[in-house]
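Data first, discussion second: the structure below is written as structure tokens.
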Amino acid sequence: MKKKYPLHNFIHRTLILRLGFFGAILALVIGISAIFLERDRIAKSVESQAYFYLELFNRQNTALFDVPGLKNTDAISNQLDAFAAQKKYPYKTGQFVVTKLYRPDGSVITERSAPASARIEEFKKILNDKISENRTGVFSEIFRYDNRPYIYITGSLNASDGNKVGMVAAIFEISDATVSEMRWRGIRTMLIAAAIILFATALLYPVILNLTRRLSEFSGKLLEANIETLMTLGNAIALRDSDTNAHNYRVTIYAVRTAEALALGASTIRTLIKGAFLHDVGKIGIPDNILLKPGKLDEDEFSVMKTHVNQGAQIVLRSAWLRDALEVVTGHHEKVNGKGYPNEAWGDSIPITARIFAIADVFDALTSERPYKKPFTFEKTMSILEEDSGTHFDPDVIKAFKRIAASLYEKFAGREEEAVKEVEGIVNKYFVENMDDLEY
């Protein structure tokens with residue numbers, strides 16, 4: 001059965017989703033990092049300007065700081081006010097909201113507050129708290145207050161001979177224009193970074209897709225080969241046992257439709273399909289005189305026949321892809337009352353796939369012609385199944401099967417060609433179309 005498996009489409013879709021997702025995440029992370037870096041860069045620039053103003057004030061007034069003990073408080077205060085009022089050095093990036101000059105012993109020489117600030121007392125308290133933590137001289141710290149950036153800055157007061165005679169501490173408020181510039185330059189940097197990442201992702205996509213195209217083609221052929229091997233092996237055993245491979249096709253249909261009626265997942269149904277084709281694979285090791293005997297087997301012959309379950313298990317365990325068929329291979333002769341074989345499992349300890357297949361297998365065996373019997377009627381078959389409900393078969397599965405049994409019998413019993421076409425559709429649905437959770 002030749003199929004074109006669209007694994008390439010699956011990979012194509014997966015690449016778009018994953019590259020797009022991780023590209024967007026990477027762009028977002030880098031973009032946000034860019035915002036913070038740009039913000040810090042501008043803040044450092046503002047910080048440098050604030051330092052410049054403090055140092056400029058110091059250089060212009062070194063003569064005042066030559067006075068022992070800095071007793072000329074009024075003169076220093078006047079110079080501080082005069083410096084703040086200069087038009088030559090406008091504070092485009094912000095303003096000093098609180099400035100204090102200190103003697104070495106910590107006493108205040110003078111202070112100045114920005115008249116336009118409405119929260120002077122709050123900033124004075126902040127400055128006092130921070131200066132109590134750091135009196136070492138040159139220091140700066142960017143902090144946020146009421147969701148706005150400020151700079152706490154300290155510097156030395158030096159006499160004309162260069163010796164330190166005091167210190168200055170201030171809180172610098174970054175202007176609205178600068179805050180806006182920080183925000184917009186950060187966003188612009190983020191967008192540029194995001195665009196570069198997404199562009200690089202778009203360039204990588206066709207390269208990766210081209211590299212995976214050969215892999216997808218190979219994987220599709222491998223999947224097709226696996227399915228063909230599965231069906232060929234199962235059909236070979238069916239032909240040896242019953243002179244027709246239609247049995248495997250019909251039991252696959254009956255089992256899958258029952259599983260769908262029970263609303264089982266695609267992965268479970270794939271396991272069921274594999275098990276349906278390989279359920280009797282162990283019969284390859286049963287002698288012809290027992291396997292093809294037209295009459296009833298005696299006790300010794302039946303003991304040999306039962307070994308086909310363990311022989312089948314040994315066969316499917318050799319293939320990683322077929323290994324999940326073990327559920328059906330080892331469980332389809334178990335009975336819910338614990339009187340089946342080979343393990344005398346009972347109830348829910350029997351896998352649901354095996355419980356489903358047991359019903360499909362017996363239904364097809366009863367309604368099919370065999371060398372040793374004629375086919376039973378649908379009514380007689382259903383009577384036998386219902387009679388064994390709760391002993392051989394799971395009652396809940398029997399209920400589900402009863403709802404669909406008549407239509408399945410009418411359409412597929414004794415009709416090999418229809419069964420083959422139906423199974424092709426089932427394989428296409430569960431092994432080709434359901435690529436998102438397909439396991440190889």
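The values are calculated or read from the model by the stated rules, or taken from the named source; none is laboratory data. As the structure is a prediction and not an experimental result, all values here were calculated from the model. In this analysis, Cβ positions are derived from the backbone assuming ideal geometry, glycine residues included, and neighbour counts consider all displayed protein chains. SASA here: full protein model, heavy atoms, side chains in, ligands and nucleic acids out. Shrake-Rupley method; radii C 1.70, N 1.55, O 1.52, S 1.80 Å.
Contact list please: Cβ distance under 6 Å, first residue in the range 42-69 and farther than 17 Å from Lys164 by Cα, second residue open to solvent by less than 60 Å² (accessible area, probe 1.4 Å) and part of a helix (DSSP H, G or I), pairs at least six apart or on different chains.
As it stands, the answer is Ile42/Met182, since those pairs meet every condition given.
Take the residues in the range 291-313 that are in a helix (DSSP H, G or I) and of a type in the set (Gly, Ala, Ser), then tell me which one is most open to solvent (accessible area, probe 1.4 Å).
Of everything passing the filter in the range 291-313, Ser303 is most open to solvent (accessible area, probe 1.4 Å).
Anything in the range 81-124 that is modelled with pLDDT of 80 or more, assigned to a helix (DSSP H, G or I) and either open to solvent by less than 40 Å² (accessible area, probe 1.4 Å) or more than 22 Å from Leu157 (Cα to Cα) (or both)? List them, or say none.
Selection gives Phe83, Ile120, Glu121, Glu122, Phe123.
Please enumerate the residues belonging to the range 347-396 that are of a type outside the set (A, V, I, L, M), assigned to a helix (DSSP H, G or I) and open to solvent by less than 50 Å² (accessible area, probe 1.4 Å).
If the condition is that a residue be of a type outside the set (A, V, I, L, M), assigned to a helix (DSSP H, G or I) and open to solvent by less than 50 Å² (accessible area, probe 1.4 Å), then Gly347, Thr353, Arg355, Phe357, Asp361, Phe363, Asp364, Thr367, Phe378, Thr381 are the ones that fit.
Would you confirm, using the coordinates I've provided, whether Gly20 is open to solvent by less than 30 Å² (accessible area, probe 1.4 Å) and modelled with pLDDT under 75?
It is false that Gly20 is open to solvent by less than 30 Å² (accessible area, probe 1.4 Å) and modelled with pLDDT under 75.
Can you tell me which of Ala259, Ala255, Ala276, Ala263 is out of contact with any helix residue (DSSP H, G or I) (no Cβ under 7 Å at 6 or more places or on another chain), modelled with pLDDT of 90 or more and farther than 21 Å from Lys373 by Cβ?
So the residue among Ala259, Ala255, Ala276, Ala263 that is out of contact with any helix residue (DSSP H, G or I) (no Cβ under 7 Å at 6 or more places or on another chain), modelled with pLDDT of 90 or more and farther than 21 Å from Lys373 by Cβ is Ala263.
For Gly282, indicate whether it is small (Gly, Ala, Ser), under 25 Å from Glu416 (Cα atoms) and over 33 Å from the mean Cα position of the chain (by Cα).
Here the answer is yes, as Gly282 does meet what is asked.
Please name all residue pairs, on different chains or six or more residues apart, with Cβ atoms under 8 Å, provided the first residue is in the range 380-394 and is on the phi > 0 side of the Ramachandran plot and the second residue is surrounded by fewer than 20 Cβ atoms within 10 Å (Cβ to Cβ).
Gly390/Asn337
Show the residue pairs meeting these rules: Cβ distance below 6 Å; 6+ apart or different chains; first residue within the range 401-415 and closer than 17 Å to Glu369 by Cα; second residue among the aliphatic types (A, V, I, L, M).
From residues that are closer than 17 Å to Glu369 by Cα, the pairs are Phe412/Ile253; Phe412/Ala419.
Do we find that Ile131 is modelled with pLDDT of 80 or more, surrounded by 15 or more Cβ atoms within 10 Å (Cβ to Cβ), not charged (D, E, K, R) and not in a strand (DSSP E or B) in this structure?
Yes.
Which one of these does Ile151 not meet: (1) touching a helix residue (DSSP H, G or I) at 6+ places or on another chain (Cβ under 9 Å); (2) open to solvent by 50 Å² or more (accessible area, probe 1.4 Å)?
All conditions pass for Ile151, except number (2).
Listed here are the residues, each with its yes/no results for (1) at pLDDT below 75; (2) not in a helix (DSSP H, G or I).
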{"position": "Gly166", "(1), (2)": "no, yes"}
{"position": "Glu173", "(1), (2)": "no, yes"}
{"position": "Ala200", "(1), (2)": "no, no"}
{"position": "Thr212", "(1), (2)": "yes, no"}
{"position": "Leu222", "(1), (2)": "yes, no"}
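Find the residue count for the range 253-267, including only residues that are buried (at least 24 other Cβ atoms within 10 Å of the Cβ) and not aliphatic (A, V, I, L, M).
2
How do the pairs read when you match residues in the range 216-235 that are open to solvent by less than 30 Å² (accessible area, probe 1.4 Å) with residues anywhere that are modelled with pLDDT under 75 and among the charged types (D, E, K, R), using Cβ under 7 Å and keeping only pairs 6 or more apart or on different chains?
Glu224/Lys3
So, in the range 23-51, how many residues would count as being buried (at least 19 other Cβ atoms within 10 Å of the Cβ), charged (D, E, K, R) and modelled with pLDDT of 75 or more?
So the count comes out to 1.
Listed here are the residues, each with its yes/no results for (1) open to solvent by 40 Å² or more (accessible area, probe 1.4 Å); (2) assigned to a helix (DSSP H, G or I); (3) among the polar types (S, T, N, Q); (4) within 29 Å of Ile398 (Cβ to Cβ).
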site	(1), (2), (3), (4)
Val251	no, yes, no, yes
Ile269	no, yes, no, yes
Asn289	yes, yes, yes, no
Ile315	yes, yes, no, no
Ala320	yes, no, no, no
Glu334	no, no, no, yes
